[in-house]
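Student: Quick one: the structure is below, questions incoming.
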């Protein structure tokens, strides 16, 4: 998922509605860093549920306040499909243990 474009090219692409994969991955890494820090005091089995709860809450906010989604069930199905695919990809990645820790 590495983006080989320059920063200016990525900025232009963002303005045109494209995903900046470099910024996306850096942001995801920040959440993983928070999880790793919290895991010193909170069990991973509790922590992953807290992250799911936070993601659900934030996604509900985005759906209601930003995207103004009318069909909540359709949005839920879309988000579940995206999460399912991401989870499957990460479970298949044998290097994931080294990346997260």
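Student: Please list, ordered by first then second residue, the pairs with beta carbon atoms under 6 Å, 6 or more apart or interchain, first in the range 88-101 and farther than 17 Å from residue 27 by Cβ, second at pLDDT below 90.
Tutor: 96/90
Listed here are the residues, each with its yes/no results for (1) outside the structural domain of residue 86 (by TED's automatic domain parsing); (2) out of contact with any strand residue (DSSP E or B) (no Cβ under 9 Å at 6 or more places or on another chain); (3) not in a helix (DSSP H, G or I).
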{"residue": "4", "(1), (2), (3)": "yes, yes, yes"}
{"residue": "11", "(1), (2), (3)": "yes, yes, no"}
{"residue": "17", "(1), (2), (3)": "yes, yes, yes"}
{"residue": "27", "(1), (2), (3)": "yes, yes, no"}
{"residue": "33", "(1), (2), (3)": "yes, yes, no"}
{"residue": "52", "(1), (2), (3)": "no, yes, no"}
{"residue": "56", "(1), (2), (3)": "no, yes, no"}
{"residue": "63", "(1), (2), (3)": "no, yes, no"}
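Student: How about the range 70-98: which of its residues are in contact with a helix residue (DSSP H, G or I) (Cβ under 6 Å, 6 or more places away or on another chain) and over 17 Å from residue 59 (Cα atoms)?
Tutor: The answer is 90, 96.
Student: Still on this structure: Let me confirm something: among 62, 100, which residue is modelled with pLDDT under 90 and within 16 Å of the chain's Cα centre (by Cα)? Spell out the reasoning first.
Tutor: Details: 62 fails: modelled with pLDDT under 90.
Exactly one of 62, 100 is modelled with pLDDT under 90 and within 16 Å of the chain's Cα centre (by Cα), namely 100.
Student: Give the residues of the range 20-53 that are over 20 Å from residue 90 (Cα atoms) and exposed (fewer than 13 other Cβ atoms within 10 Å of the Cβ), sorted by residue number.
Tutor: If the condition is that a residue be over 20 Å from residue 90 (Cα atoms) and exposed (fewer than 13 other Cβ atoms within 10 Å of the Cβ), then 37, 40, 41, 43 are the ones that fit.
Student: Go through the residues of the range 81-88 one by one and say whether even a single one is surrounded by 11 or more Cβ atoms within 10 Å (Cβ to Cβ), closer than 30 Å to residue 12 by Cα and assigned by TED's automatic domain parsing to the domain that holds residue 4.
Tutor: no
Student: Restricting to the range 21-33, name every residue that is more than 20 Å from residue 10 (Cα to Cα) and touching a helix residue (DSSP H, G or I) at 6+ places or on another chain (Cβ under 9 Å).
Tutor: Here is the first cut: in the range 21-33, the residues more than 20 Å from residue 10 (Cα to Cα) are 31-33.
Of everything in the range 21-33, those that are more than 20 Å from residue 10 (Cα to Cα) and touching a helix residue (DSSP H, G or I) at 6+ places or on another chain (Cβ under 9 Å) turn out to be 31, 32.
The values are calculated or read from the model by the stated rules, or taken from the named source; none is laboratory data. These numbers were taken from a predicted model, which means no experiment stands behind them. Glycine also receives a Cβ, built like all others from the backbone with ideal geometry; neighbour counts cover every protein chain displayed.
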